[in-house]
Each structure stands twice: as C-alpha cells, then as structure tokens.
Amino acid sequence: MKRFDLMMGINTRGTYCVSQACLPYLKKSSHAHILNNSPPLNMSPIWFKHHVAYTMAKYGMSMCALGMAEEFKDYKIGVNAIWPATAIATAAIDLIGGAEMMKSSRTPSIMADAAYAILCRDPTKFTGNFCIDEEIVTEEGVTDLDQYHNCPGTPLSPDFFLGDSYPGTGSFTPEVTGKSSGGIDKLMNKFRPLLTPEVMSKTAIVFAVDFGEGGHWTFDMKTKGTISDNDETPADVTFQMTEDVFLKIVKGEIQSTAAFMSGQMKIKGNLMEAMKLEGLFKKMRTKL
C-alpha cells in the first residue's frame with residue numbers, strides 16, 4: 001500500500017492540492033492556465049488490467065482537468081491535460097526499457113513545445129481538452145516531427161492509454177489461432193545458441209510465447225537454458241501474439257513495447273520483467 005499511496009499522493013492528490021493552493025493567484029491573473037501531464041480517459045480494460053493503481057493515479061489527474069475546466073470557467077482559467085503520442089526519452093523510460101526503448105522514443109522537446117503552445121492560447125477559449133503532443137505541434141505549423149525523434153529511423157513506441165484511438169497504426173486484438181506454418185520450429189533452433197550463461201544471468205526469467213494453435217514455446221532462462229514447445233515450467237511472463245507479429249518483433253520491424261501498446265501482443269504476468277526481453281529480441285535478429 002505504500003507504493004499505492006505514493007502514486008495517488010503525487011499524481012491525483014498532488015494535482016488537486018496544488019491546483020487549489022494556486023487558485024487564489026490564478027483568479028487574479030489575466031492569462032491563467034493549469035496544465036496536467038495526464039492521458040485521455042480511455043476506458044478500455046487493457047489499460048487497467050496490468051497496472052490498475054497507476055491507471056487510477058493518472059486518470060485521477062485527468063478527472064481533475066475535466067472537472068476543474070468547468071469549475072473554474074467563470075474565473076477565466078483554462079484547464080487542460082497533455083499526453084505524448086509516443087514514449088518520451090526520460091530516465092523512467094531508460095529504467096523500464098533500457099537503450100532499445102530510448103531509441104524508439106521522442107525527446108522531451110516535443111512535450112515542451114506542445115505545452116508552451118497550449119499555455120500561449122486563450123484560456124477562455126481553450127479549456128477542458130485532452131491534448132496529444134504531436135497534434136498540438138502540428139496545429140502550430142510543425143511539419144517535421146523527425147526533429148523530435150531520439151534515434152531517427154527506429155520505429156516509435158506509442159505511449160500508454162492511447163491504443164485503438166491513437167495513433168492509427170492498424171492496432172488490433174490478436175486472434176492467436178491457426179496452425180503453424182512449420183517455420184517457427186526452424187527459427188527456434190536458430191535461437192537456442194543464444195541462451196548462454198551470460199545472457200541467462202542478466203535475464204533470469206522463464207517466459208513463454210503463445211501462438212494459440214500455432215504452438216506454445218517456453219524459454220527457460222533461469223535454470224535450464226532451453227527453448228521448448230513441450231516444457232510445462234510455469235512462466236513468469238507469457239506473450240500472446242501471432243507468428244507474424246513475433247517475426248516482426250524479432251526482425252526489428254516493430255518494437256515489442258509498440259506491439260503491446262497497439263494491441264498486437266498481449267502480456268500475462270510481470271510487465272516489468274517483460275521489458276527486459278527487448279535486448280534478447282535484438283540478439284535474435286542476428287540469427288535470421
């Protein structure tokens with residue numbers, strides 16, 4: 001409960017308290033704004049299933065924006081929320097996804113430019129909005145979004161809480177059915193030499209890839225150093241996806257985080273542990 005209280009205290013309670021404390025001064029301003037760094041209120045269960053406490057904390061901030069926009073309208077105070085379309089290269093992203101996820105992120109400059117644009121708008125006319133960073137800078141005339149890419153050429157990872165509504169990446173919920181083409185068996189044979197003691201010591205998890213009728217493969221990177229389609233060892237993390245999506249991840253055509261956030265891959269188990277595997281997927285590319 002300490003972690004829950006910390007998240008709620010900083011995000012939801014902190015937003016409410018600071019807004020209330022600043023209200024007397026905002027009422028005196030001729031150009032008053034409140035801008036929360038929080039997402040649109042997307043009620044899809046996928047954004048609650050794996051991190052309900054975090055979602056509650058961030059959505060609490062968004063509800064503050066929605067409610068205060070109406071509450072403070074008579075005081076001519078604009079209240080809005082802003083959220084990035086993609087992952088942003090911050091210390092938090094580095095901790096969660098490491099160098100690979102940092103490469104598939106945009107720099108914080110896009111959020112800064114979008115925030116500045118919002119705060120320059122008329123608070124009596126622009127209030128109660130859930131803004132997306134790239135939409136705002138595009139409205140301001142920016143046409144070259146590559147200037148914000150932390151590593152141009154690398155596919156970008158969409159951020160949490162957007163899913164089917166944004167961005168339009170052809171997101172879908174995978175139907176993991178259908179017989180295997182047989183190519184997966186050969187592919188797994190190529191991957192087996194990657195499970196060296198060094199790799200196992202750094203990863204130290206058991207994960208499974210579930211292709212539905214196409215097969216269920218277990219990677220034991222804790223004790224055995226094996227890849228098998230008949231290993232019943234309980235997995236710390238299970239990935240559900242089609243063979244096609246798996247191949248795209250391995251080939252580097254899509255980041256695993258992007259596949260998850262866009263609904264092309266489901267994850268059962270510890271999400272934080274799943275983030276460790278981006279480095280392994282990169283090693284797999286060398287065997288193709």
Based on this model, can you work out whether K282 counts as at pLDDT 80 or above and surrounded by fewer than 20 Cβ atoms within 10 Å (Cβ to Cβ)? no
For the range 143-155, indicate whether the set of residues that are free of Cβ contacts under 8 Å to residues at least 40 places away in the same chain and in contact with a Leu (Cβ under 8 Å, 6 or more places away or on another chain) is non-empty. no
In the range 80-93, which residue that is free of Cβ contacts under 8 Å to residues at least 60 places away in the same chain and under 21 Å from A117 (Cβ atoms) is most open to solvent (accessible area, probe 1.4 Å)? T90
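Quick test for you: out of N42, N11, N36, pick the one residue that is assigned to a helix (DSSP H, G or I) and within 23 Å of I132 (Cβ to Cβ).
N11
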Please go through the range 240-255 and pick out each residue that is in contact with a Gly (Cβ under 9 Å, 6 or more places away or on another chain) and outside any loop (DSSP other than H, G, I, E, B). Q240, E243, L247
Return the residue satisfying two criteria in turn: it lies in the range 156-203 and is under 26 Å from A89 (Cα atoms) and modelled with pLDDT of 80 or more, and of such residues it is most open to solvent (accessible area, probe 1.4 Å). L156
Do we have E134 as farther than 17 Å from F160 by Cα, in contact (Cβ under 8 Å) with a residue 12 or more places away in the chain and open to solvent by 10 Å² or more (accessible area, probe 1.4 Å) here? no
Just give me the residues in the range 226-253 being at pLDDT below 85 and either of a type in the set (G, A, S) or surrounded by 19 or more Cβ atoms within 10 Å (Cβ to Cβ) (or both), in sequence order. K248, I249, V250, G252
Is the range 69-79 home to any residue that is among the hydrophobic types (A, V, I, L, M, F, W, C) and under 30 Å from G269 (Cα atoms)? no
Out of the residues in the range 256-279 that are among the charged types (D, E, K, R), open to solvent by 30 Å² or more (accessible area, probe 1.4 Å) and in a helix (DSSP H, G or I), which is modelled with the highest pLDDT? E273
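Name the residue that is nearest to T12 (Cα to Cα), counting only residues in the range 57-77 that are assigned to a helix (DSSP H, G or I) and open to solvent by 60 Å² or more (accessible area, probe 1.4 Å).
Filtering first and then ranking leaves M63.
The values are calculated or read from the model by the stated rules, or taken from the named source; none is laboratory data. Predicted model, so just to flag it, every value in this text is computed and none were measured. Note that each Cβ is placed from the backbone with ideal geometry, even for glycine, and that neighbours are counted across all protein chains shown. Note: accessible area is taken over every heavy atom of the protein model, side chains too, but ligands, DNA and RNA are not part of it. Shrake-Rupley method; radii C 1.70, N 1.55, O 1.52, S 1.80 Å.
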